[in-house]
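The values are calculated or read from the model by the stated rules, or taken from the named source; none is laboratory data. As the structure is a prediction and not an experimental result, all values here were calculated from the model. Glycine gets a Cβ as well: all are built from the backbone with ideal geometry, and neighbour counts include every protein chain shown. We work out accessible area using only protein heavy atoms, side chains counted, and drop any ligands, DNA or RNA first. Shrake-Rupley method; radii C 1.70, N 1.55, O 1.52, S 1.80 Å.
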Amino acid sequence: MANAGILEGLRIIEGSAFVAAPLGGMTLAALGADVIRFDNLTGGLDAERWPITEDGVSLYWTGLNKGKRSIAVDLRSDRGRELVAALIAAPGPDAGIFSTNLPARGWLAYDALKQGRDDLIMLAISGARDGTAQVDYTVNAVAGFPLTTGPVDAQGPINHVLPAWDITAGYAAATALLAAERHRARRGRGQLVRLTLQDIALSATAALGYFADAEINGVDRPRYGNDVFGTFARDFRTKDGRHVMVCVFTDRQLTALATAGGLAGAFAEIDATHDVDLRNEAHRWQVREPLAALIDKWIAALTYAEVAAALTEAGALWAPYKRPTELVAGDPLLTKNPMFQRVEQPGVGEIWSSASPYDFTDCERLAARPAPRLGEHTDAILADVLGLSSGQIGKLHDAKVV
C-alpha cells in the first residue's frame, strides 16, 4: 500500500487567496492531509495572478495549491454558501477544520459556522489586529525593513521581492491548525484562532532584536549594503563576472577561508594592525572593510571555477548566486533533491515541483503532486464528503450552483 502521509485522514477546508492561507494549506496537503479549497465558479482573487503562461494559466496559483482538491461553487448564492458551510462542518473526528484569509464575517463568521459543528476549528488570517487591510508589503513597511535594506548611500525605502511575512504566516498557519487540532483531540473543544500578518512581522522583528536595539541603545539600524550585520558575510565578484556569497560565522569557517585563499598571514596582520582577534565575531564586524578588501582581491583574480574549487575543498561557508533559469536547467539542487520531481501540471506542462520540505524518518515523504484544475473535484467532494447522490449533484449543476 502506498504511503498516505503523516497527516493521513485529516481534512481541512480552505477558503483562500494570495500567499499565506494557500501556503498553510499546501504545507499540510504535502503531509497527507485532505485539503479542499473552495472558490467561486470563475476562480478566486488570485486565479489569474502573475506569473502566467502564454495561455494565461497562473503559475502563481498552481504553485501554491499543489496536492489540494478543488471545488467550484457559486458563492453569491444561498445554496452555494450552504454547501460550503456544510463542508466546513462535515462530521468526523479529523474534519471540522477551516482555514481562511477571506473576510470572516456574515456566513463565514465563526459563530455562524459553529452552528453546524460545535467543536469547529477555524483559523482566520487577517492583515492587522484592528481589522484594517494589510498585505506583506505594507506590513514590511511598518516593521522598518525597507529603510534598512539596500546600499549604504541609498535614500528612501527599498522594498525587497520576497514576501517574507506572507511565507512566515503560511507556515505559522499550518502550525496553528495542528496545535488547535491537538487541543481538540485532548479536550474535545474547537476554537477560533486569529492570526494577523502584522503581528507575525512585529513578532519576528522583536525576536531579531530590532526593537530591543532601538529601546536600549536608542538607534535604528542603518543600511549596511550587502554586509550581514554583526558578523562577516558579503558578496564578491570573480574574474569572469560571477558573484559568490562568503560567510564567516565560526572559527572553523575563518580557518577554512584562510586556507582557501592562502590568507592566514594577511588575517594575522589585520589582527595586529587593528588590535582585534578575527576569531571574535564582533571584531570581524568592526574590521569588515579591510577584511573584505583582502578577500575581494583574492576572488577578483580568479575565475568562478577556481574560487568554487578552493572554497569547497577548504570547507568554507559560501554559495554562488544563481537564477531560477539556471536551477531548472539541470542544477543538482533540483535534479538530485528527493523533494523535487517532474510533475505534469494541467494547463502548464511538465515542470519541476516540490514535495514537502519535511523529512520524517518513520514516514516516507509523499511524492510531489500537481495543483488541481479549478473545480476538478467538485462532484467527488459533494459525493464523498456531503453524501449527495448523482441526481442531487446533477441538479446543482443545472442550477449553476456548482
**OP:** Could you check region 6-124 for strands (runs of 3 or more DSSP E) lying wholly inside it with 1 or more residues that are touching a residue at least 24 places away in the same chain (Cβ under 8 Å) and among the polar types (S, T, N, Q)?
**Re:** 69-72, 97-100
**OP:** Go through (1) touching a residue at least 12 places away in the same chain (Cβ under 8 Å); (2) more than 24 Å from the chain's Cα centre (by Cα); (3) outside any loop (DSSP other than H, G, I, E, B); (4) over 30 Å from Asp296 (Cα atoms) and name the single condition Ala176 misses.
**Re:** (2)
**OP:** Please specify each residue of region 180-201 satisfying the condition of being open to solvent by less than 60 Å² (accessible area, probe 1.4 Å), assigned to a helix (DSSP H, G or I) and either within 22 Å of Leu108 (Cα to Cα) or touching a residue at least 12 places away in the same chain (Cβ under 8 Å) (or both).
**Re:** Ala180, Glu181, Arg184, Leu197, Gln198, Asp199, Ile200, Ala201
**OP:** State yes or no: is Leu45 more than 30 Å from His183 (Cα to Cα), open to solvent by 20 Å² or more (accessible area, probe 1.4 Å) and modelled with pLDDT under 95?
**Re:** yes
Original post:
Restricting attention to region 67-83, and to residues there that are among the aliphatic types (A, V, I, L, M) and surrounded by 21 or more Cβ atoms within 10 Å (Cβ to Cβ), which single residue is farthest from Asp136 (Cα to Cα)?
Top reply: Leu83
Subject >> Failed item, numbered, when Ala258 is tested on (1) crowded, with 18+ Cβ neighbours inside 10 Å; (2) touching a strand residue (DSSP E or B) at 6+ places or on another chain (Cβ under 9 Å) >> reply: (2)
Original post:
Is it true that some residue in region 58-66 is surrounded by 22 or more Cβ atoms within 10 Å (Cβ to Cβ) and closer than 18 Å to Ile97 by Cβ?
Top reply: yes
Original post:
What's the number of the condition Asp362 fails, among (1) surrounded by fewer than 17 Cβ atoms within 10 Å (Cβ to Cβ); (2) under 22 Å from the mean Cα position of the chain (by Cα); (3) not in a strand (DSSP E or B)?
Top reply: (2)
